[in-house]
Amino acid sequence: MSEELLTIVNNFPRKKVLVIGDVMLDKYSFGRVKRISPEAPVPVLLLEKEEYKAGGAANVALNVANLSPQSEVHLFGFTGEDFYGEILKKLLEEKKITCHFKTNSLTCVKERVIGWTSGQKQHILRIDKEEISKKIFDDKIQEILDLAKSADIIIVSDYAKGVITYDLMSYLHPFKHKIFIDPKPSNKDFKAIYKNAFLITPSRDEAVLMSGYSEVDEAGYFLRKEFDANIMITIGKDGMKLFPTFKENKESLDKIYIKTIPEESFEETGAGDTAIATLALALSTQKEKSLSLFKNSAKIANMAAGITVKHIGSYAPTFIELQEKISKTTNVQ
């Protein structure tokens, strides 16, 4: 089994990938907590270091670049002409990602304050700096369409910050067969927007919100019919469930369950970004899609996300790390 998966991963290189979505910068402030403030019953953090990482659609692009370093990766989104925007752009350009950014008033930043006390990590607080964008991509539509025509993969990373709109997705309708969407049901237009997709990857909670069904299977069947798309629901430590739109024969499964290999997990930040990037790369290795390819692609995505959750904060695994993990894994189900 690992040989089949390695064959797929080894075909990752040399793709042209277009990522469109809400880009953001993740900031991590680390320190030690040794006392409670005399001013209020809150911990006092002695700041020791700060780290910056790509977040949102930017993290998806970074995952693609790390997993397929010979690929040509293009990223469209909004950033501010500010300190944080410059940091984000530098992080991406270091990985040779071409940034097509439209200027917003400020860069979206998610700051996580993490303290260590008695040898234990504690996520104390998250501070969001964001603005729902009312700007549109009109002046970049032709540029987006030109890239979409030649791209092997289009990944739409929606965090409901204003980038992914009905109008934008309408332009991309001719490319539905290569569009992968990481959805956000808080986007008020999601029912119309997500109809232009080959594959949609909601989490369990997102699938419940989008469908109105509390059970994963019912939600998956509903979403597959509603959006006429393949649905891959991620269910955390329980793995993934795939609801394909096609059957190869009468005996084909109506759904495919992929178990997760048990991992030590620090947090799930960025795991969804890793999953959709890996799925898109794996599924694009063959023009003719099969249930076997879907199942193997989901297994690979599961393993890639397993690498991500072993790190504090978002982490984009490398091509070599994924190869090594597959080679060492024997109990893939």
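The values are calculated or read from the model by the stated rules, or taken from the named source; none is laboratory data. The structure presented is a predicted model; accordingly, all values stated were derived computationally and were not measured. With ideal geometry, Cβ positions are generated from the backbone for all residues, glycine too; neighbour counts draw on all protein chains shown.
Taken over segment 98-122, residues that are over 28 Å from Lys161 (Cβ atoms), of a type outside the set (Gly, Ala, Ser) and either free of Cβ contacts under 8 Å to residues at least 24 places away in the same chain or touching an Asp or Glu at 6+ places or on another chain (Cβ under 7 Å) (or both) amount to 1.
When you scan segment 267-304, how many residues do you find that are part of a helix (DSSP H, G or I) and either over 19 Å from Phe180 (Cα atoms) or of a type outside the set (Lys, Arg) (or both)? Before you say what the answer is, go through the steps one by one.
To start, the set of residues in segment 267-304 that are part of a helix (DSSP H, G or I) comprises 271-283, 291-304.
Within this subset, residues satisfying the condition of being either over 19 Å from Phe180 (Cα atoms) or of a type outside the set (Lys, Arg) (or both) are 271-283, 291-294, 296-298, 300-304.
Matching residues across segment 267-304 total 25.
In segment 123-140, the residues that are at negative phi and of a type in the set (Phe, Trp, Tyr) form Cβ pairs under 8 Å with partners that are at pLDDT 75 or above and assigned to a loop (DSSP other than H, G, I, E, B), at six or more places apart or across chains, as follows: Phe137/Val163. Condition check: more than 26 Å from Ile155 (Cα to Cα) and in contact with a Ser or Thr (Cβ under 9 Å, 6 or more places away or on another chain). Does Lys34 satisfy that? So Lys34 passes the test. A count restricted to segment 37-93 and to residues that are among the polar types (S, T, N, Q) and in contact with a strand residue (DSSP E or B) (Cβ under 8 Å, 6 or more places away or on another chain) stands at 5.
Among the residues that make up segment 318-332, is at least one of them within 28 Å of Lys49 (Cβ to Cβ), among the hydroxyl-bearing types (Ser, Thr, Tyr) and at pLDDT 90 or above? Taking every residue of segment 318-332 in turn, at least one turns out to be within 28 Å of Lys49 (Cβ to Cβ), among the hydroxyl-bearing types (Ser, Thr, Tyr) and at pLDDT 90 or above. Flag: Leu293 does not match the condition of being surrounded by 21 or more Cβ atoms within 10 Å (Cβ to Cβ) and modelled with pLDDT of 90 or more. Only one of the listed residues (Ile312, Ile307) is more than 22 Å from Ile231 (Cβ to Cβ), part of a helix (DSSP H, G or I) and modelled with pLDDT under 95. That residue is Ile307.
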